[in-house]
Each structure stands twice: as structure tokens, then as C-alpha cells.
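Have a look at the structure below before the remarks.
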Amino acid sequence: MAGRYDHNPFDEEEEVNPFSDPGVRGKASGQSKYGGGAFYTTNSGGVAPAKDSRLSPLPPEPVDFNYGRGATIDIPMDSTADLRKKEKELQAKEAELRRREEDIKRREEAAARAGIVLEEKNWPPFFPIIHHDIVKDIPIHLQKVQYIAFSTWLGLILCLLWNIIAVTTAWIKGEAVKIWFLALIYFIAGVPGSYVLWYRPLYRAFRRESAFRFGWFFMFYLLHIAFCIFAAVAPPIVFKGKSLTGILPAIDLIGSQVLVGIFYFVGFGLFCLESLVSITVIQQVYTYFRGSGKAAELKREAAREAMRAAL
């Protein structure tokens, strides 16, 4: 009967050096291929493990099924007291903002009840100087007239600016410097003056339906139309009339200085167009003024003011 640890005939034979030590050869022949330990054969036919093994056992490692993901990382966290303190600060800021909003709202309501309108400067968009919002401020049935009146104000700015350019060319070609200074004065005084004297009164008259402001507009808008007609003709009253680009100086200059004469003719056309559009605006405003009953209201206000002044 075969022994329990007999040699397996199907195992591969290890190459043994015939010139090596017989004791070592005996140990090598008794090594197990499957166990990882070394064995040697005793005289009685048994197998005993060798005392000196080539491989030392590995130290045991802790089982970690998370592959290192379960390791804790110390992250500094604010304490509960700090969180409560920050929460109280945020609540205090929120209450302060709410209080300010309510205060501003109360002021706006008080100003509205008193008839005071807070106007935010929004025009021109690149450098706001004045408040101008026809869509929000003017009733829809009056917006068309207001837009045309606004175009006449912009048209006056264009006319006065072109007047400076034309007079500058005349000055370069040999005319007196006085006409250039006059053209500059027309522009500096005309642009803000036209806004304050007749455009803003019309804007506020349409916005608040004020009969008194309509009267103010009619008075100064008639002066505006008279100035445009005067500039279109430019009679030789002030410095031979060449400080304005009218028809008379244009005819005078076209024979000697063609380029300057052309500039003056363009200015004459601009002033004529401005006069025609302005006449259209005052007709439409007067039609609305008579039809809405503001004329009778203005008469009553005028009579009341006259009676108050007399008393």
C-alpha cells in the first residue's frame, strides 16, 4: 500500500545537480510544489517539514473593503456658536434692508400725495442729464404730438450746430471772427434755453394736464418759431446777417466763395424745415388745448390770478 506522502509520478522532475551536496539534494527532492514549504524524507519512510524555509510568512493585514475610501479627513468646521452668530448678523442686515425699503416707499407715497414727482435722469443714455420717458409719462393719445415736439427740439440743436460749422468755414475764408462768436452764443444759449422755456413745459403740460403750463408753452414756442423764420432769412441786421445760415447770406457768398455758400444753403434748408415742423406742432397742441377744455380753465386761472393781484 502506497504511503500518504509518496512522490507524485505526474510531477515534473526537478533538475538536481549531481555534484551538489547529497544532504541538500535530499532536501530539494522533498520540497512540495503546492505547499510553499520544504519537506524531507525520514528513515522510517515518513515526511517531516524542513526546519529552514526559504519564504517567510507575510504579516497579517487588516481587512479593508473600502480600499482606503473610509479614511477620515480632518476638516476645520465652524462651531455652533459661530454659525449662530453669522445667522444673527444676516438676519439683522435683512431687517435693515427691509426697513430702508419701507422708508423709501413711504417717502415716495408722501411725495406722490403732495404732487411731487421724483424724476430719474435717463437721457441721453450715455450721459444722463434730464428725465425723458414719453412712453411712461405721457398719455398714449398725446405721445405722437410729444414725439414730434421732441423732434423739433433735436432739429433746433442740429440747426444751431450746423450754423457753427458753416460760420466757421466763412471765418476761415476771411470773414470776421465776430460772426463765429455769435454763432457759438446761439448754440450755447439756444439748446438749454429751448428745453427750459418750451419743451419741458409742454412735456409737463401733457403729463399733468396743466392749463398754466400750456400757456407758458404757447408763449415761448411762438418765439422759437419766429427765431427759426428769422434765421432762415437772416436779414443783414447783426453783422450783415452772416452769423446765421439764411438765404440772404447764402446768395451773397455763393458768388465769391462757393463752398461757404453751399454750407449756408444747407443751413437755410434746415431752418426752413424746422420752421414748418414747429408750425405743425403748435397747431396740433392748440387743437388739443381747445378741445380738452383747457382753454376755459386757463381763462379762469388767469382771471383768478388777476383778481388776486388786484386785491
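The values are calculated or read from the model by the stated rules, or taken from the named source; none is laboratory data. Quick caveat: nothing in here was measured; it's all calculated off a predicted structure. A quick note on method: Cβ atoms are made from the backbone with ideal geometry, for glycine too, and the neighbour counts reach across all protein chains shown. Quick note on the areas: whole protein, heavy atoms, side chains included, nothing else; ligands and nucleic acids left out. Shrake-Rupley method; radii C 1.70, N 1.55, O 1.52, S 1.80 Å.
Some points to look at:
- Residue 175 meets each of the listed conditions (1) more than 30 Å from residue 301 (Cβ to Cβ); (2) in contact with a Leu (Cβ under 9 Å, 6 or more places away or on another chain); (3) part of a helix (DSSP H, G or I) apart from (3).
- Answer residue from segment 236-292, given it is in contact with a Ser or Thr (Cβ under 6 Å, 6 or more places away or on another chain) and small (Gly, Ala, Ser) and is farthest from residue 226 (Cα to Cα) among those: 267
- Test: residue in segment 260-280 that is farther than 29 Å from residue 168 by Cα and among the aliphatic types (A, V, I, L, M): yes
- Looking across segment 246-276, the residues that are part of a loop (DSSP other than H, G, I, E, B) and free of Cβ contacts under 8 Å to residues at least 12 places away in the same chain come down to 255, 256.
- Filtered by the rule that a residue be more than 16 Å from residue 171 (Cα to Cα), outside any helix (DSSP H, G or I) and under 46 Å from the mean Cα position of the chain (by Cα), segment 225-245 gives a lone residue, 234.
- Scanning segment 177-189 finds one or more residues that are open to solvent by 60 Å² or more (accessible area, probe 1.4 Å), of a type outside the set (A, V, I, L, M, F, W, C) and farther than 28 Å from residue 145 by Cβ.
- Of the criteria (1) open to solvent by 70 Å² or more (accessible area, probe 1.4 Å); (2) assigned to a helix (DSSP H, G or I), which one residue 167 fails: (1)
- Residue ID - modelled with the lowest pLDDT, chosen from residues in segment 289-311 that are within 15 Å of residue 217 (Cα to Cα) and open to solvent by less than 50 Å² (accessible area, probe 1.4 Å): 295
- Single condition residue 141 does not satisfy, out of (1) in contact with a Cys (Cβ under 6 Å, 6 or more places away or on another chain); (2) of a type outside the set (D, E, K, R); (3) without any contact (Cβ under 8 Å) to a residue 12 or more places away in the chain: (1)
- Scan of segment 190-218 for residues that are of a type outside the set (Gly, Ala, Ser) and either open to solvent by less than 50 Å² (accessible area, probe 1.4 Å) or not in a helix (DSSP H, G or I) (or both), ordered by number: 191, 195, 198, 199, 201, 202, 203, 206, 209, 214, 217, 218
- Looking only at segment 244-288, and only at residues there that are β-branched (Val, Ile, Thr) and open to solvent by less than 30 Å² (accessible area, probe 1.4 Å), the one that is farthest from residue 214 (Cα to Cα): 260
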